[in-house]
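Everything on this sheet refers to the single structure shown next.
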């Protein structure tokens, strides 16, 4: 091995060690948030479990992007999932009305939250809103829960 490859391997190892406390649900005290991170976001055996329980024609998108596989896992666990991009939230005037009328079992997935400074502001405004309860910032997308029986929390997760 040459020096560049060794140096790169050590750098990658160092980055993984720095992110360790924020991955796989470690440090999350909420049981709801912890189970969501462990059973949906970071689930490694989901494909095997899905094939055992669903033998019908719907297939797991294993060749798709990481975000599409995550959306698939969320949709199989939670029945009411709404997917929007941050740009559509920025342009939509009826979004605040949507937030006021959303049910407690709805999960909102907001894509491209860190693509632009304006989109980041939209995400931060959504996190600070009183209607949102449990929010997850997964770097490339954000996930919002509206269940008022839980405490308001925000998690920044490396996934």
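The values are calculated or read from the model by the stated rules, or taken from the named source; none is laboratory data. Small disclaimer: the values here were computed from a predicted structure and weren't measured. Here the Cβ is made from the backbone with ideal geometry for all residues, glycine too, and neighbour counts use every protein chain on show.
Here are the numbers for the structure shown:
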quantity	calculated
Count - residues of region 96-113 that are touching a strand residue (DSSP E or B) at 6+ places or on another chain (Cβ under 8 Å) and surrounded by 13 or more Cβ atoms within 10 Å (Cβ to Cβ)	9
Index of the failed condition, residue 119 passing every other in (1) farther than 21 Å from residue 158 by Cβ; (2) touching a helix residue (DSSP H, G or I) at 6+ places or on another chain (Cβ under 7 Å)	(1)
Selected residue (only one of 71, 37, 108 is modelled with pLDDT of 80 or more and within 20 Å of residue 130 (Cα to Cα))	108
Residue 124 out of contact with any strand residue (DSSP E or B) (no Cβ under 6 Å at 6 or more places or on another chain) and either under 14 Å from residue 143 (Cα atoms) or part of a helix (DSSP H, G or I) (or both)	yes
Filter result for residue 113 (assigned to a loop (DSSP other than H, G, I, E, B), touching a residue at least 24 places away in the same chain (Cβ under 8 Å), within 24 Å of residue 39 (Cβ to Cβ) and in contact with a helix residue (DSSP H, G or I) (Cβ under 8 Å, 6 or more places away or on another chain))	yes
Test: residue in region 131-138 that is closer than 21 Å to residue 44 by Cβ and surrounded by 13 or more Cβ atoms within 10 Å (Cβ to Cβ)	yes
